[in-house]
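To start, the structure itself, in structure tokens.
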Protein chains: 2
Amino acid sequence: MIDVAREADVSAMTVSNVINGRPGVSADTRARVLAAVSKLGYQMNLAARHLRSGRTGAVGLIVPDLDGMYYAQLADRLARSLERHGQHLALVRTGASRERELEAVSVGRLRMYEGAVISLLQVEAADLERLSFDTPAVFIGERPVPETVDHVMMDNVGGALLATRHLLSTGSRRIAIIGGSDDDRVRDMSTLRTRGYRQAHAELGVEVDEGLVLRIDSFTPKGGYQALTRLRESGVPFDGVFTLTDAAALGVLRALADVGLRVPGDVQVIGFDNGTETDFLTPRLSSVEPGNDVMAETVLDLLQRRMGLAGAGEDGEPRTHTMVPARLALRESTR
Amino acid sequence: MIDVAREADVSAMTVSNVINGRPGVSADTRARVLAAVSKLGYQMNLAARHLRSGRTGAVGLIVPDLDGMYYAQLADRLARSLERHGQHLALVRTGASRERELEAVSVGRLRMYEGAVISLLQVEAADLERLSFDTPAVFIGERPVPETVDHVMMDNVGGALLATRHLLSTGSRRIAIIGGSDDDRVRDMSTLRTRGYRQAHAELGVEVDEGLVLRIDSFTPKGGYQALTRLRESGVPFDGVFTLTDAAALGVLRALADVGLRVPGDVQVIGFDNGTETDFLTPRLSSVEPGNDVMAETVLDLLQRRMGLAGAGEDGEPRTHTMVPARLALRESTR
DNA sequence: GTGAAAGCGCTAACAC
DNA sequence: GTGTTAGCGCTTTCAC
């Protein structure tokens, strides 16, 4: 930078002002500086800026993994939007390990970012109370978070309620839930969606046969396939399947085809996520649309706002807790 | 850090040495320092370290997007492996824009990272020659790269050759290629796989009807569906389909089902990517396994090696250009 | 509108 | 084994 300053015959300060587009530099001087910059091919040292001003130009995304579509799409959306603000996304993958989650949200790590989008699976809200969030942070996901931070989540219960209600209202009475959970102490995607499933049954006065609640190893086609195979082997009769993710539903559809059950004739099936593949499966899969795009927008909006007034009004706006509404996308696999 | 030094009654230098696990500190002093660190809840300022020592603890991943499975999985693998080395992944999404690709690989930006994994779609090798890669970089993807950098790529031509050869050897003579390209000037996934397709035909002396080479808007189920619909409408007969990605193959299978063509009886179908869904489609989709896991390993290995001897032997090892071999994963959609 | 001085928090190099 | 000195490249502050 001093080289540029010498070349343009100004001080380093003026170069800094020009580069950062600050006002109060004459057009003449600005032009000279810019000429010098491009002549010398000068590039800012971002580490120095970071050290001095605290601005890092990075937003952290702290998630369990990226191999599912969900977080990958979120990352893509965030990165795309951040580019427009001249920032970039730093990815922290915790692998859903409690230890790494805690490490990732430690004050020192968060200081690396001007803002953070955080999805925790293991860490408790209590663990977080202690942390001072001087870094603007937006939490996503189903786990409870401290009251003091922004939180955006999808409507797991509501979506599951809609899906199950639809199956019940179209005549199914014995609806299996693939990936369901009976443990109501924890609060995760599985238990929340199971709660919606039970609520729908309660509304219509239909009793849930616990033999229809099937745990799953992983929310993959394979997991869905195995769960449905177990269900068949158990001998428990069923005439509908609510699969907690579309990926697992793929395996369910395949397993049903393998045993000659027709969809939706013998069994109707509904998934959750409304992925791009649903419309091209055989049969086309009905699914719950969780509004991921709205969710990403909301997260970004919140984050930008917090980052904008960082240091301005002390905790200006109150923290928001948003639930993005879900809706049904009905196709051939349901009646 | 000075606070810690004062608390432990040592110099800042010693604190630095302890924190960075450098040898030459007595066990006694080390203990005192660590006690002071935890007492004061001290966390290193990484920006300062970065400025002073150049170490950033970050590896950059520069890719077009993350919404396809391919780069998302790569990101996941990289992040997972980097964690073990106490580093993290910074994501740069270029959106396949030439301008942003150039910006991302500029010297200033790359200096943010201790290493980089780079996939460029638009930028030419010539543009890159100028860049001094003081940052260890591994390039991936099909575009040509300067001779001076490491390059890892999948065997697009070989995989397509295997797939097409299999269709031909099992009796297909009129094989449509969905997502094919006739433009041989550029060098991208589509043209390379088309080249393999043509090679297989040449080997067996079968002529390619250009009406069977179908461009595609996007490598999605929708794109595949539309392409196959166009093919049907064109009236060009076909008895096999090589779809350049599994995602598009999903749409192809659906389109074939819609018009009552049986797979593999009337038409056999093969995809490319060997995704997790292939084994659960109806019919189960044969596909080309591109060896993405081997590829990720190779990339990581190369990167670690380059980063390890950064500054050591001047450009110690010669640059490597690796082609990961592909193989067939045959299932129900082929004979 | 522009510049000079000071210092962000750490570590390389060397002295003891 | 431990301390001292200097400085990484920028920006904040204040003077002109």
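Odds and ends about this structure:
- Search result, residues across the range B:71-82 that are within 7 Å of another protein chain (Cβ to nearest Cβ) and either without any contact (Cβ under 8 Å) to a residue 40 or more places away in the chain or of a type in the set (D, E, K, R) (or both): B:A72, B:A75, B:D76, B:A79, B:R80
- Under the condition of being over 23 Å from A:G54 (Cβ atoms) and touching a strand residue (DSSP E or B) at 6+ places or on another chain (Cβ under 7 Å), the residues counted in the range B:60-82 number 13.
- Members of the range A:8-41 found to be within 20 Å of B:G108 (Cα to Cα), more than 9 Å from DNA strand D (Cβ to nearest atom) and not polar (S, T, N, Q), listed by number: A:V18, A:G21, A:V33, A:L34, A:A35, A:A36, A:V37, A:K39, A:L40, A:G41
- Odd one out for B:A96 among (1) under 30 Å from B:T245 (Cα atoms); (2) outside any helix (DSSP H, G or I); (3) facing chain A (nearest Cβ under 10 Å); (4) at pLDDT below 90: (3)
- Inclusion of B:T278 among residues that are closer than 24 Å to A:Q226 by Cβ and either assigned by TED's automatic domain parsing to the domain that holds B:G196 or at pLDDT below 95 (or both) is warranted.
- Residue identified as under 23 Å from B:L302 (Cα atoms), among the basic types (K, R) and in contact (Cβ under 8 Å) with a residue 24 or more places away in the chain among B:R32, B:R55: B:R55
Table: residues versus (1) within 16 Å of the chain's Cα centre (by Cα); (2) part of a loop (DSSP other than H, G, I, E, B); (3) among the acidic types (D, E).
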site: A:Q122; (1), (2), (3): yes, yes, no
site: A:V138; (1), (2), (3): yes, no, no
site: A:H151; (1), (2), (3): yes, no, no
site: A:V157; (1), (2), (3): no, no, no
site: A:H166; (1), (2), (3): no, no, no
site: A:T194; (1), (2), (3): no, no, no
site: A:Y197; (1), (2), (3): no, no, no
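- The single condition among (1) within 16 Å of DNA strand C (Cβ to nearest atom); (2) outside any helix (DSSP H, G or I) that B:V59 does not satisfy is (1).
- Some residue of the range B:291-308 being within 14 Å of another protein chain (Cβ to nearest Cβ) and under 30 Å from B:R173 (Cβ atoms): no
- Top-ranked residue of the range B:33-55 - restricted to ones that are outside any loop (DSSP other than H, G, I, E, B) and within 8 Å of chain A (Cβ to nearest Cβ), ranked as nearest to A:A48 (Cα to Cα): B:L51
- For the range A:172-181, the count of residues that are within 21 Å of A:E124 (Cα to Cα) and in a loop (DSSP other than H, G, I, E, B) is nonzero.
- Residue check, B:A90 of a type in the set (A, V, I, L, M, F, W, C), crowded, with 18+ Cβ neighbours inside 10 Å, within 7 Å of chain A (Cβ to nearest Cβ) and in a helix (DSSP H, G or I): no
- Once the range A:280-290 is narrowed to residues that are within 12 Å of chain B (Cβ to nearest Cβ) and touching a helix residue (DSSP H, G or I) at 6+ places or on another chain (Cβ under 7 Å), the residue that is farthest from A:L253 (Cα to Cα) is A:F280.
- Set B:R93, B:R109: member being of a type outside the set (D, E) and touching a Lys or Arg at 6+ places or on another chain (Cβ under 7 Å): B:R93
- Within the range A:13-32, tally of residues that are away from every other protein chain (no Cβ under 14 Å), within 30 Å of A:E114 (Cα to Cα) and more than 9 Å from DNA strand C (Cβ to nearest atom): 2
- All positions within the range B:103-128 that are within 14 Å of another protein chain (Cβ to nearest Cβ) and surrounded by fewer than 18 Cβ atoms within 10 Å (Cβ to Cβ): B:E103, B:S106, B:V107, B:G108
The values are calculated or read from the model by the stated rules, or taken from the named source; none is laboratory data. Remember, predicted model here, so these are calculated numbers, not experimental data. Backbone-built Cβ (ideal geometry, glycine too); neighbour counts: all protein chains shown.
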